[in-house]
Amino acid sequence: MKAEDLRSLQAPLKELYRQDASEALVTLKAEGRVGEGVTCSVDTGRALIEAGLHPATGGSGFQACSGDMLLQALVACAGVTLNAVATALGLSIRDARVHAEGDLD
């Protein structure tokens, strides 16, 4: 995407938000259903993900770890934001990696 394309997509939204700031309020939602064993199924809107305990806490490793999912969401948010800002500034990113890690304790 080019900077002009991004600007043309965002211009009407920015104008709407200038006119009525409450229009900029977006409520994000997530929902899960507790499953068998120690699991929780989460609908991502694209797929159903079954989360379970990390192997270090007694999980089998067959389910997604909610801690990993949290870091993945953080990385996705940072990566998309980096790419959007670069695009808006007309900068080309040849290669970029976003990394997040945390201790499970």
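The values are calculated or read from the model by the stated rules, or taken from the named source; none is laboratory data. Since we're looking at a predicted model, the values are computed, not measured. Neighbour counts are summed over all protein chains in view; Cβ atoms, including those assigned to glycine, are modelled from backbone coordinates with ideal geometry. The accessibility values were calculated without ligands, DNA or RNA, using every heavy atom of the protein model including side chains. Shrake-Rupley method; radii C 1.70, N 1.55, O 1.52, S 1.80 Å.
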* Asked: Which of the residues that make up region 56-67 are surrounded by 14 or more Cβ atoms within 10 Å (Cβ to Cβ) and not small (Gly, Ala, Ser)?
  -> Gln63, Cys65
* Hey, Leu25 hits all of (1) at pLDDT 95 or above; (2) touching a strand residue (DSSP E or B) at 6+ places or on another chain (Cβ under 8 Å) but one; which does it fall short on? -> (2)
* Structure fact -> Among (1) in a loop (DSSP other than H, G, I, E, B); (2) among the hydroxyl-bearing types (Ser, Thr, Tyr); (3) surrounded by fewer than 11 Cβ atoms within 10 Å (Cβ to Cβ), Ser8 falls short only on (1)
* Take Val75 and decide whether it is among the aliphatic types (A, V, I, L, M), surrounded by 13 or more Cβ atoms within 10 Å (Cβ to Cβ) and at pLDDT 95 or above. => yes
* Only residues in region 85-96 that are among the polar types (S, T, N, Q) count as the first member; pair them with residues that are open to solvent by 60 Å² or more (accessible area, probe 1.4 Å), Cβ under 8 angstrom, at least 6 apart or cross-chain, and list the lot. => Thr87/Met1; Thr87/Lys2
